[in-house]
Amino acid sequence: MQTSMSKAESIVETLNSCGAIPANVEVVVAPPSLQLMTVKGALRPEVSVSLQNTCVKDGYAAATGEISPAMATDAGIQWVILGHSERRAGFGTQEGESDELVATKCKVAIDGGMSVIACIGEQLEDRQAERTLEVVLNQNLAAIASKLTPADYDKVVIAYEPVWAIGTGLTASPQQAQEVHAAIRKWLVENVSVDVAKAMRIIYGGSVKAANCEALSAEPDIDGFLVGGASLKPEFVEVFQAAAAGLQG
């Protein structure tokens, strides 16, 4: 809930006028649902549009307020972000989403023809208790993997979000981010396959901005970014340009 219609139109204008988008990156934006189709209709075709969530049920059913993968693909929307840290935490008195629910949503979306940006990450107390990899790998990622077939991974991008580095003033260093990304890739080798691990795009989502994206991009297992607040500003262009340069390096 960060964007008004006028702000969304301004972001579209920035993206439409930013010049050539590097061929080695895929740029996807995820506006709120109310603005999604307007953005899709106005945005240059090289930039894809994503939902911020989809329903645990597919098809057309009695689920007031929800958007199913069938509804999304019917409207030409191929991407969805699932398991975002804010949805895992919950809102006010609304309970957060469990690993099981996120995993089921991922499978339903993939079976419904969508590609998924699957978010995983630890809280500050997990980091301080040295439980980062236990949470990220053995809880978050393992739950998602338990629902997927080998072919499903072609439709998955993994986004590592250290929750303690989002809007807190704390920042994960490139080395801290790389350590977790490398562990995710190793887990995929050991629990899925070498081919899936090599092909998987593992993107980073902890307060990414123009000031830190170049250093993060230099790390070998950081394949791109899930951009939060900076995606609402012109510096978003600098972020995906840095990702392109990092991939070339």
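The values are calculated or read from the model by the stated rules, or taken from the named source; none is laboratory data. In this text the structure is predicted, and so the values were computed from the model without any measurement. Glycine also receives a Cβ, built like all others from the backbone with ideal geometry; neighbour counts cover every protein chain displayed. Ligands, DNA and RNA are excluded from the accessible area calculation, which covers all protein heavy atoms including side chains. Shrake-Rupley method; radii C 1.70, N 1.55, O 1.52, S 1.80 Å.
Rounded to the nearest Hz, the phi-derived 3J(HN,Hα) couplings of the stretch 83-95 under the Karplus curve 6.51 cos²θ - 1.76 cosθ + 1.60 (θ = phi - 60°) are x, 3, 4, 5, 6, 5, 6, x, 10, x, 8, 7, 5, where x marks glycine and proline.
At q = 0.14, 0.18, 0.33 Å⁻¹, what is the log10 ratio I(q)/I(0) for the stretch 202-249, with the Debye formula run over Cα points and no solvent? The computed values of log10 I(q)/I(0) come out as -0.25, -0.42, -1.35. Each label point was placed 7 Å from the Cα along the Cα-to-Cβ direction; for residue 233 and residue 195 their separation is 4.3 nm.
Under conditions of 25 °C and 0.890 mPa s, the stretch 80-130 yields 206 µm² s⁻¹ as its translational diffusion coefficient, taking Rh as the Kirkwood radius over Cα pairs in the Stokes-Einstein equation. Relative contact order, whole percent, for the stretch 108-245 stands at 22, derived from Cα pairs under 8 Å and 6 or more residues apart.
Tell me whether the stretch 32-76 comes out rounded, prolate or oblate; compute the Cα gyration tensor, take square roots of the eigenvalues as a ≥ b ≥ c, and use a/c under 1.5 as the rounded threshold. Cα axes put the stretch 32-76 in the prolate bin.
Accessible surface area normalised per residue over the chain is 48 Å², counting heavy atoms of protein chains with a 1.4 Å rolling probe. Using a cutoff of 8 angstrom between alpha carbon atoms and counting only pairs six or more residues apart, the relative contact order for the chain works out to 15 percent.
Take every Cα pair under 8 Å in the stretch 75-118 that's 6+ residues apart, average their separations, divide by the length, and report that relative contact order as a whole percent. Once normalised by length, the contact order is 53 percent. A convex hull fitted to the Cα coordinates of the stretch 1-120 yields 119 cubic angstrom per residue. Of the peptides 209-215, 187-193, the ranking by mean beta-carbon count within 10 Å, highest at the top, reads 209-215, 187-193. Of all the options 236, 91, 225, the one that moves most in a Gaussian network model of the chain with Cα springs shorter than 10 angstrom is 91. Couplings 3J(HN,Hα) for the stretch 213-218, derived from phi with the Karplus relation 6.51 cos²θ - 1.76 cosθ + 1.60 (θ = phi - 60°), are 5, 5, 5, 5, 5, 6 Hz, where x marks Gly and Pro. Only DSSP H runs of four or more residues enter the estimate; each adds -39500 (n - 2.57), and after division by the residues of the chain the mean residue ellipticity at 222 nm equals -11500 deg cm²/dmol.
Checked against a 22 Å cut-off, the cross-linked pairs 155/233; 105/186; 40/233 give Cα-Cα distances beyond that limit for 155/233; 105/186. Put simply, the amide H of residue 51, placed in the peptide plane, has neighbours under 5 Å in 79, 80, 81, leaving out anything fewer than 5 places away on its chain. Considering only the other residues whose Cβ falls under 13 Å of the Cβ of residue 178, what net charge follows from Lys and Arg at +1 and Asp and Glu at -1? Cβ neighbours under 13 Å give a net charge of -2.
Result for the chain in a Gaussian network model with C-alpha springs under 10 Å: among 17, 146, 207, the largest mean-square fluctuation is at 17.
In terms of accessible area, using a 1.4 Å probe and ignoring ligands and nucleic acids, 117, 67 rank largest first as 67, 117.
Distance between the C-alpha centres of the stretch 199-249 and the stretch 70-130: 20 Å, rounded to the whole angstrom.
When Rg/Rh (Cα atoms, Kirkwood Rh) is computed from the coordinates, the matching label among (i) 1.10; (ii) 0.94; (iii) 1.02 is (ii). Across every direction, the projection of the convex hull enclosing the Cα atoms of the stretch 171-220 has a mean area of 3.4 nm².
What shape does the stretch 91-237 take by its C-alpha gyration tensor, where a ≥ b ≥ c are the square roots of the eigenvalues and a/c under 1.5 counts as rounded, a/b above b/c as prolate, and the rest as oblate? Verdict is rounded for the stretch 91-237. Element breakdown for the chain at a 1.4 angstrom probe: carbon and sulfur atoms account for 52% of the accessible area.
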